[in-house]
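Comments concern the structure below.
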């Protein structure tokens, strides 16, 4: 347990009100805790130790979060469906000095958000109903973002989702790697060799003016969608660290990649992973429920490429981290990042096998 955990929690509420602090979730990057308070002390809140190796400028991250939060709160009443669907925007907490970040004596960086009660995140999508809700959540988020000036946001992760840059880093790390070569590793290396030529397709389209830069979520995977525990409806899309200027197809591809793999990112038998077009169709239907007005025909042409590219890119990132000694993504067992890479590469392969059906889905209005 972090030695400054209690001190950090006590920055955002009176220490006398704190009943318990316990780890929450299985995030790859930050350390997250749930802080519960004594009776009458108020609702619980989330406390996070920000990974400043991944986000070296946390002040810029919080700037983007504040800008989006204020913008979304003004737009939300225009998008809510009367009498039906609620939507929650996590409240950013501040310490006594009015800051939403606290630096510990050891240089650690902490922040807090109000916990959304009565909702839960799922690691995988189990049926088409849940898939629809995941798509609805991303559609709502994109509508909340749609008229936010991209110039108001910092680019907090330079090169994020720029696959050619990840491949350049992979090449440097691989050249310095002096570990063993297993059959799984050799399969992964061969997989990258065969597909790297198509890695720049979205960046080339951006450079040619065919895709425009918009504000995006950046990480709209299934376990960032909160579902109401009673109704099963999506009530929030959380984890706003990656809100930044980007390309809409990246969000579409990442959401579908995550929802279309019911075995999840930690699938035990990576070779059994399959992309489910039926789940993708339900996600797309949920997304269009709100976001149809946002779509441009030019962007639609790149949704399949984004869906194929995102798991490939993520696999490259996992594999790079494995070769480098697990410095980015947290692990709890040896070769876990290699296994994660294999899952994403098999998912990429399965998406390629379903190319015709997936392209047909994006070319229609409802799938």
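Report yes if some residue within segment 163-176 is closer than 23 Å to residue 283 by Cα and crowded, with 20+ Cβ neighbours inside 10 Å; otherwise report no. No, because not a single residue in segment 163-176 is closer than 23 Å to residue 283 by Cα and crowded, with 20+ Cβ neighbours inside 10 Å.
Looking only at segment 41-55, residues that are modelled with pLDDT of 90 or more and either more than 19 Å from the chain's Cα centre (by Cα) or surrounded by fewer than 16 Cβ atoms within 10 Å (Cβ to Cβ) (or both) come to 2 in all.
Against the conditions (1) more than 26 Å from residue 136 (Cα to Cα); (2) touching a strand residue (DSSP E or B) at 6+ places or on another chain (Cβ under 8 Å), residue 223 satisfies every one except (1). When you look at residue 359, is it assigned to a loop (DSSP other than H, G, I, E, B) and more than 19 Å from residue 163 (Cβ to Cβ), yes or no? So residue 359 fails the test. Considered as a group, the residues in segment 321-341 that are buried (at least 16 other Cβ atoms within 10 Å of the Cβ) and more than 19 Å from the chain's Cα centre (by Cα) include one that is modelled with the lowest pLDDT, and that residue is 326. Contact map, segment 176-202: first residue on the phi < 0 side of the Ramachandran plot and in contact (Cβ under 8 Å) with a residue 60 or more places away in the chain, second residue surrounded by 10 or more Cβ atoms within 10 Å (Cβ to Cβ) and part of a loop (DSSP other than H, G, I, E, B), Cβ cut-off under 7 Å, separation 6 or more or different chains; pairs are 202/211; 202/247; 202/302. Residues being within 19 Å of residue 330 (Cα to Cα) and assigned to a loop (DSSP other than H, G, I, E, B) are entirely absent from segment 31-38. Residues in segment 56-64 include none that are under 22 Å from residue 221 (Cβ atoms), more than 19 Å from the chain's Cα centre (by Cα) and outside the structural domain of residue 321 (by TED's automatic domain parsing). Screening residue 131 against (1) within 27 Å of residue 56 (Cα to Cα); (2) under 17 Å from the mean Cα position of the chain (by Cα) leaves a single unmet condition, (1).
Total residues in segment 67-94 satisfying the condition of being part of a helix (DSSP H, G or I) and either surrounded by 13 or more Cβ atoms within 10 Å (Cβ to Cβ) or without any contact (Cβ under 8 Å) to a residue 12 or more places away in the chain (or both): the figure is 12. Exactly one residue out of 298, 305, 265, 313 is crowded, with 21+ Cβ neighbours inside 10 Å, touching a residue at least 12 places away in the same chain (Cβ under 8 Å) and either part of a helix (DSSP H, G or I) or more than 19 Å from the chain's Cα centre (by Cα) (or both): that is 313. Across segment 275-285, a minimum of one residue is classified as within 22 Å of residue 133 (Cα to Cα), touching a residue at least 24 places away in the same chain (Cβ under 8 Å) and not in a helix (DSSP H, G or I). Among the residues of segment 213-254, those identified as part of a loop (DSSP other than H, G, I, E, B), under 22 Å from residue 300 (Cβ atoms) and in contact (Cβ under 8 Å) with a residue 60 or more places away in the chain are 213, 217, 218, 220, 247.
The values are calculated or read from the model by the stated rules, or taken from the named source; none is laboratory data. Since this is a predicted model, take the numbers as computed values, not measurements. With ideal geometry, Cβ positions are generated from the backbone for all residues, glycine too; neighbour counts draw on all protein chains shown.
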